[in-house]
Amino acid sequence: MARGVAESARPVKADSRAGPGYPFAMKRCLAALLLLPGPALAQAAPDPAGRPEGFAPMEGVEYYCTDADGARHEIGAVICITAGCDTWLARCGMSLNNPTWRWVQDGCPGVSLHDRLKLLQPPV
């Protein structure tokens, strides 16, 4: 005989699918989710020499940045960089194993537009 709609649509208890160990398994999963981020949140102590994290200098290799004039600047040095009409402060730092200039802030303290325009005028 064919079952009627009323016979096949029996209410199912919410607890019948879970089984007897369901609350215990959920507690274990919750505990694991709460404990796993712990190591990811741990941070290494800062280097007392002030080098960026993860930077291990090689013996006999000099690390430095160069400016537009070719002058050397040590790791950690901060200078004012001008490119086109933009001016910003940059710090010499390491990116993987390459020295690079990293942006610190827009503009440079003590540098005004008037001073830059005077440099662009031809000498009299």
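Points worth noting:
- Test result for P109, surrounded by 10 or more Cβ atoms within 10 Å (Cβ to Cβ) and at pLDDT 65 or above: no
- Screening P37 against (1) surrounded by fewer than 10 Cβ atoms within 10 Å (Cβ to Cβ); (2) touching a strand residue (DSSP E or B) at 6+ places or on another chain (Cβ under 9 Å); (3) at pLDDT below 75; (4) of a type outside the set (S, T, N, Q) leaves a single unmet condition, (2).
- Within the stretch 88-106, if we keep just the residues that are surrounded by 11 or more Cβ atoms within 10 Å (Cβ to Cβ) and modelled with pLDDT under 85, the residue that is farthest from the chain's Cα centre (by Cα) turns out to be N97.
- Of all residues in the stretch 58-75, those being out of contact with any Pro (no Cβ under 9 Å at 6 or more places or on another chain) and exposed (fewer than 15 other Cβ atoms within 10 Å of the Cβ) number 11.
The values are calculated or read from the model by the stated rules, or taken from the named source; none is laboratory data. Predicted model only: the values in this text are computed from it and were never measured. Here the Cβ is made from the backbone with ideal geometry for all residues, glycine too, and neighbour counts use every protein chain on show.
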